[in-house]
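Have a look at the structure below before the remarks.
The values are calculated or read from the model by the stated rules, or taken from the named source; none is laboratory data. Computed from a predicted model, the values in this text were never measured in an experiment. Note that each Cβ is placed from the backbone with ideal geometry, even for glycine, and that neighbours are counted across all protein chains shown.
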Amino acid sequence: MTFEETGLKPEILKAIAEMGFENPTPIQEQTISHLISSTNDLVALAQTGTGKTAAFGLPVINNTSMQIKEVQTLILCPTRELCLQITRDMDKYSKYIPGFKTIPVYGGADITKQIRELRAGGQVVVGTPGRVHDLIRRKMLNISAIRWLILDEADEMLTMGFKEELDAILSTTPKEKQTLLFSATMPTEIASMKSNYLKDAIEISVGKRNAGAENVEHHYYMVQAKDKYETLKRIADNYPDCYAIVFCRTRMETRDVAEQFMADGYNADALHGDLSQAQRDQVMARFRGKQLQMLVATDVAARGLDVTELTHVINYSLPDDHEVYIHRSGRTGRAGKSGISVSIINLKETGRLKQIEKIARKKFERKMVPGGDEICEKQLFHLIDRVQNVEINQTQIEKYLPQILEKFEGMSHDDIVKHFVSLEFNQLLDYYKNSRDLNVRTDASRDSFQRSDRGSDRDRGGDRMNFTKLFINAGKKQNLNASGLIGLINQYSSRRNVEIGKIDIQRKFSFFEIDSSFEKDLVNAMNNEVIEGHVINIGKVESTADMQPREGGSFRREGGGGYNGGGGYAGGRREGRREPAFSDRGDRGGDRGDRPRRRRN
């Protein structure tokens with residue numbers, strides 16, 4: 001079927017032809033035909049990226065009467081980003097229909113401006129449930145005469161806790177209306193919503209219910225929890241041209257990962273709920289314009305971020321709800337393109353991964369975390385390709401060429417190439433020199449797991465390596481957790497691959513075990529460091545007596561010093577540069593080393 005065969009008005013056909021629309025997707029073909037010819041309610045199940053906005057937007061615009069001044073269509077969606085995206089699309093579809101107006105209303109923005117726009121009038125209102133409900137209660141939004149009610153991403157609205165607002169909004173709508181419910185998944189709550197809110201509804205489904213997109217490959221890397229951040233960096237280095245969203249579970253994890261990622265020189269930024277609307281809009285505009293290569297985001301913040309050319313979706317943390325994985329992976333592989341969904345997991349998450357495989361009806365392929373040699377080779381040939389494809393400005397270069405050739409006089413062709421490559425790669429080669437294997441090995445014969453970077457002497461029940469027990473004058477009161485402590489050790493250690501044993505976080509102090517060969521270096525590096533105005537005291541525990549606090553809260557330790565109390569720690573300072581330190585850092589604590597800053601392309 002072509003769009004001309006759907007029966008849409010010529011003005012709409014002209015607009016979508018300019019947008020590059022040629023043939024409707026399966027969900028568009030079924031939905032447009034239904035809405036133009038039928039008044040029955042509709043439940044449409046389709047994955048993210050299949051063109052749902054056009055599926056309901058085009059026929060709604062087609063059927064809207066320009067003589068009626070009241071709001072004729074209400075579209076509800078879970079987030080302000082999706083609200084704005086739908087509004088932009090509706091404006092494009094209705095470009096050649098004079099007077100057609102779509103009004104977005106959402107939280108986090110000036111409500112008085114939105115009220116002025118509603119008073120000026122429009123045919124379609126797109127909004128988030130909270131703000132729509134607020135405007136109805138203020139009697140600023142009248143939906144008593146709407147002809148169409150559209151619930152987009154209905155499953156997500158229920159997941160986000162909007163059921164009460166949805167009930168209140170729907171109670172003010174007229175009985176004689178056509179309700180359209182769009183969802184990527186079909187949980188029991190959606191089935192209940194169908195029976196409560198819709199009548200004589202027709203259900204259409206594109207693809208397998210609750211299944212992942214067909215043109216997306218699913219990969220996973222098995223590493224220790226403390227190596228997740230280092231693994232993320234290696235993935236980014238191994239795919240120099242990747243254009244990706246990195247999904248984290250919480251806004252705090254998102255902020256921490258993004259800050260460290262950017263500090264390490266990656267072309268990235270964060271998108272989470274703590275940003276103002278102006279900040280969110282700026283970040284999304286930069287990402288859509290490909291000024292950012294990687295966006296670190298929460299699931300909620302990424303809703304409505306309509307980007308069709310993502311090469312990767314990276315799950316830094318698996319979602320709590322298995323069906324959310326389907327939403328995430330559907331962000332790539334859009335518009336007929338292929339994509340890769342990557343998950344970084346630890347040993348404890350293998351069961352969850354199998355459950356996601358079952359729900360998504362996809363087989364996940366285990367990939368090995370690339371080593372230094374592999375990454376350096378990828379980066380080298382990426383540089384060669386860029387050099388080959390660079391556009392040469394002959395006019396500007398010509399006048400400098402004699403001097404340049406004079407500088408290179410006496411050097412062979414091979415020597416010149418080696419010098420250019422070394423200039424770009426010496427730091428990277430040094431960083432990945434003797435890099436350790438981050439992969440967790442699987443013993444298939446026993447269906448058990450063995451850590452690749454720990455020898456048999458570290459396995460449970462075996463002899464333990466030579467550890468030294470240290471204490472540090474910070475604990476839960478300073479928001480220090482195990483992964484945060486690991487991060488500090490890696491940050492202040494002069495060498496990498498530090499083996500860490502047991503960690504015991506107390507209220508105002510903590511104990512941890514460390515490979516004895518690293519003990520003196522770490523104590524010298526951290527002791528008396530000032531973090532947010534507080535002096536760090538760290539030392540060796542010589543005996544069980546040293547583990548008992550003395551009067552005033554300090555400890556006996558080698559080299560003197562003691563715990564000085566004080567308030568919370570929010571971050572660290574070393575050599576004049578702010579580093580995240582004592583905070584809730586999730587399962588991070590990555591191995592940073594002295595990695596060179598990446599060149600921003």
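Here are the numbers for the structure shown:
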| read-out | value |
| --- | --- |
| Number of positions in the stretch 358-373 that are touching a residue at least 40 places away in the same chain (Cβ under 8 Å), out of contact with any helix residue (DSSP H, G or I) (no Cβ under 7 Å at 6 or more places or on another chain) and outside any loop (DSSP other than H, G, I, E, B) | 4 |
| Some residue of the stretch 62-69 being assigned by TED's automatic domain parsing to the domain that holds E18 and more than 29 Å from A17 (Cβ to Cβ) | yes |
| Pairs with Cβ under 7 Å, 6+ apart, first in the stretch 385-397 and closer than 16 Å to V421 by Cα, second at pLDDT 80 or above | none |
| Helices (runs of 4 or more DSSP H) contained entirely in the stretch 225-338, each with at least 2 residues that are more than 25 Å from D155 (Cβ to Cβ) | 228-238, 251-263, 277-288 |
| Yes/no for A225 being under 23 Å from S435 (Cα atoms), touching an Asp or Glu at 6+ places or on another chain (Cβ under 7 Å) and at pLDDT below 90 | yes |
| Of residues in the stretch 395-430 being of a type in the set (V, I, T) and surrounded by 11 or more Cβ atoms within 10 Å (Cβ to Cβ), the one farthest from the chain's Cα centre (by Cα) | I416 |
| Residue match in the stretch 241-256 (condition: touching a helix residue (DSSP H, G or I) at 6+ places or on another chain (Cβ under 8 Å) and among the acidic types (D, E)) | yes |
| Residue under evaluation C376, criteria (1) without any contact (Cβ under 8 Å) to a residue 60 or more places away in the chain; (2) part of a loop (DSSP other than H, G, I, E, B), criterion not met | (2) |
| Conditions (1) in contact with a His (Cβ under 9 Å, 6 or more places away or on another chain); (2) closer than 20 Å to R366 by Cβ; number of the one not met by V296 | (2) |
| Selection from the stretch 479-528 of residues that are more than 33 Å from the chain's Cα centre (by Cα) and among the charged types (D, E, K, R) | K508, E513, D515, E519, K520, D521 |
| Candidate set: the stretch 174-200, residues that are touching a Leu at 6+ places or on another chain (Cβ under 6 Å) and modelled with pLDDT of 85 or more; chosen: the one farthest from I326 (Cα to Cα) | K177 |
| Residue, nearest to D321 (Cα to Cα), within the stretch 149-173, restricted to residues that are touching a Ser or Thr at 6+ places or on another chain (Cβ under 7 Å) and in a helix (DSSP H, G or I) | D155 |
| Yes/no for K354 being under 20 Å from R249 (Cα atoms) and modelled with pLDDT of 80 or more | yes |
| Hits in the stretch 1-40 (condition: among the polar types (S, T, N, Q) and either part of a helix (DSSP H, G or I) or closer than 12 Å to F56 by Cα (or both)) | T6, Q28, Q30, T31, S33, S37 |
| Qualifying position, being under 27 Å from K52 (Cβ atoms) and at pLDDT below 85, among R386, R303 | R303 |
| Any pair with Cβ under 7 angstrom, 6 or more apart, that starts in the stretch 103-130 at a residue that is touching a residue at least 40 places away in the same chain (Cβ under 8 Å) and ends at one that is assigned to a helix (DSSP H, G or I) and of a type outside the set (A, V, I, L, M, F, W, C) | G108/R80; G108/Q277; A109/Q277; V126/T87; T128/R80; P129/E165 |
| Any hit, the stretch 335-342, residues being touching a Leu at 6+ places or on another chain (Cβ under 6 Å), at pLDDT below 85 and in the same structural domain as D227 (by TED's automatic domain parsing) | no |
| Filter result for A44 (touching a residue at least 40 places away in the same chain (Cβ under 8 Å), crowded, with 22+ Cβ neighbours inside 10 Å and in contact with a Pro (Cβ under 9 Å, 6 or more places away or on another chain)) | no |
| I68, sole failed condition from (1) part of a loop (DSSP other than H, G, I, E, B); (2) more than 18 Å from G122 (Cβ to Cβ); (3) over 36 Å from the mean Cα position of the chain (by Cα) | (2) |
| The stretch 76-116 - residue that is part of a loop (DSSP other than H, G, I, E, B) and at pLDDT below 90 and, of those, farthest from the chain's Cα centre (by Cα) | D110 |
| Residues (charged (D, E, K, R) and either surrounded by 16 or more Cβ atoms within 10 Å (Cβ to Cβ) or closer than 16 Å to R131 by Cα (or both)) located in the stretch 160-180 | K163, E164, E165, D167, K177 |
| Residue match in the stretch 487-497 (condition: over 16 Å from D227 (Cβ atoms) and part of a strand (DSSP E or B)) | no |
| Near pairs, Cβ below 9 angstrom, 6+ apart or cross-chain, from the stretch 224-249 (within 16 Å of V369 (Cα to Cα) and assigned by TED's automatic domain parsing to the domain that holds T298) to any residue that is in a helix (DSSP H, G or I) and of a type in the set (F, W, Y) | Y229/F261; L232/F261; K233/F261; A236/F261 |
| Matching residues in the stretch 117-148 - criterion: being more than 18 Å from T64 (Cα to Cα), within 36 Å of the chain's Cα centre (by Cα) and either not in a loop (DSSP other than H, G, I, E, B) or not assigned by TED's automatic domain parsing to the domain that holds K69 (or both) | E117, G127, P129, G130, R131, V132, H133, D134, L135, I136, R137 |
| Residue count for the stretch 71-120, restricted to those that are touching a Pro at 6+ places or on another chain (Cβ under 9 Å) and among the polar types (S, T, N, Q) | 2 |
